[in-house]
Amino acid sequence: MLETTKHQTQQQTTESVINTDALKSGACQSDVEAGIVNRWSVDEIVALFELPFSDLMHQAQTIHRANFDPNAVQVSTLLSIKTGGCSEDCGYCPQAARYHTEVENEPLMKLDDVLAAAQEAKDNGASRFCMGAAWRGPKQRDLEPVLKMIQEVKAMGLETCATLGMLKEGQAEQLKEAGLDYYNHNLDTAPEFYGDVITTRTYQDRLDTLGRVRNADIHVCSGGIIGMGESRNQRAGLLAQLANMEQPPESVPINLLTQVEGTPLHGTEELDPIEFVRTIAAARITMPNSFVRLSAGRQSMHEGIQALCFLAGANSIFYGEKLLTTGNPEAATDKKLFAKLGINKI
Ligand code: SF4
């Protein structure tokens, strides 16, 4: 019995290596274009999760080194330009108007304040500045001031990113025209678990927005949240959705649920930190060319776990004190951790 399990594990490891090697080599372009080579089944990704930890880390680190500088981490800063009062019902989010949290409904920030925050981010070493608004999606009158923010932040020499909710036809093109480099819109979780977390928009709505972003030639930033009570299969299911996109997202934020009192997901059983590291490793293996971002939840993470996440292939973080409305390690703490690990900022 033990032998069978061992044999299966070895076989799974070999299959995974073949699959990822094919991905890395890019040798069979027609297969890639047909979406054949870079298809991952949920079972294959579950098999990665089930590898002995050292084998999984070795595979993830090998793939990471083949595609990226292993000691370089991209740094983004996120600013909430419109906080609270959101009409959606995302079960993890303190900005949803329907949940009783300490987050207040605030108006859209003024341009000068946004630019001052962008300058501070740049001075702290960020290369990308992300602007987030708590909307179901932007109305045209909302979008116009944001377009101006994007133009001005871009003119400061920063890469620009926005997360504004669902986009309608034509809006992605306006964002592109303004100079937007990345648009963030997370899939959040696997399709089968999605309805347990959000009911006010569908999975397909999210895919449609991502399609509009891709068609407008804006880089896609899309990932999810781990630790919402989903199963390992569903964690793998989220990664399969992302990895099997015709072109996987350039940036894949993997968030650990930050539990906020007053939201429906407050009180969810905490995820084992090693399972989080395994998720990062599986994301790296299945999306070898994407930046995998260690996002929300870092504040509660011991630096040893963060180090394991970098070893597993995470190569992007959010820098700064706040992530939209929840805490994030202070920039100075991150600088110390980077120095300790010999990590350079991109
Ligand atoms: S995650 Fe975004 S869309 Fe969902 S409730 Fe929060 S602000 Fe609104």
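Details
- Inter-label distance for D123 and S41, nm, one decimal - labels placed 7 Å from Cα along Cα-to-Cβ: 5.6
- Net charge of the neighbourhood of G165, taken over other residues with C-beta under 15 Å away and scored Lys/Arg +1, Asp/Glu -1, is +1.
- Here the label points at Q204 and K336, each 7 Å from Cα along the C-beta direction, are separated by 5.1 nm in the simple model.
- For the listed residue pairs K82/K345; K122/K148; K82/K335, the alpha carbons are over 25 angstrom apart in K82/K345; K82/K335.
- Computed over neighbours whose Cβ is under 10 Å from that of G223, the net charge equals 0, Lys and Arg +1, Asp and Glu -1.
- Over the chain, Cα pairs under 8 Å with separation of 6+ residues give a relative contact order of 22 percent.
- The residue list P253, A296, T268 was ranked by how far each Cα lies along the charge dipole of segment 211-346 toward its positive end, using unit charges on Cβ atoms, and P253 comes out on top.
- Residue order for F49, F129, fewest other beta carbons within 10 angstrom first, comes to F49, F129.
- Qualifying GluC sites (Glu not before Pro) in segment 139-229, where qualification requires a DSSP coil assignment and no more than 11 other C-beta atoms within 10 Å, comprise E169.
- Full extension of the chain segment joining K168 with S54 gains 36.6 nm, where the gain is 0.36 nm per residue of separation less the Cα-Cα distance.
- Within-13-Å neighbourhood charge of I280 [Cβ basis; K, R +1; D, E -1]: +4
- By the helix-only formula, in which each DSSP H run with n ≥ 4 contributes -39500 (n - 2.57) and the sum is divided by residues, the chain has a 222 nm mean residue ellipticity of -14000 deg cm²/dmol.
- 15 Å reach of a label modelled at D196, 7 Å along Cα-to-Cβ, counting backbone N of segment 264-280: 264-272
- Distance histogram for the chain (every C-alpha pair counted, 10 angstrom bins, percent rounded to whole numbers): 5, 26, 35, 25, 7, 1, 0
- Most fluctuating residue given options A243, A281, A47, as computed from a GNM of the chain linking Cα atoms under 10 Å: A47
- In plain terms, the residue of R212, R201, R235, R39 with the fewest other Cβ atoms within 10 Å comes first and the most crowded comes last, giving R39, R201, R212, R235.
Each reported figure results from applying straightforward, stated rules to the coordinates on display, with no laboratory input. Computed from a predicted model, the values in this text were never measured in an experiment. Please note: Cβ atoms are built from the backbone with ideal geometry, for glycine as well, and neighbour counts cover all protein chains shown.
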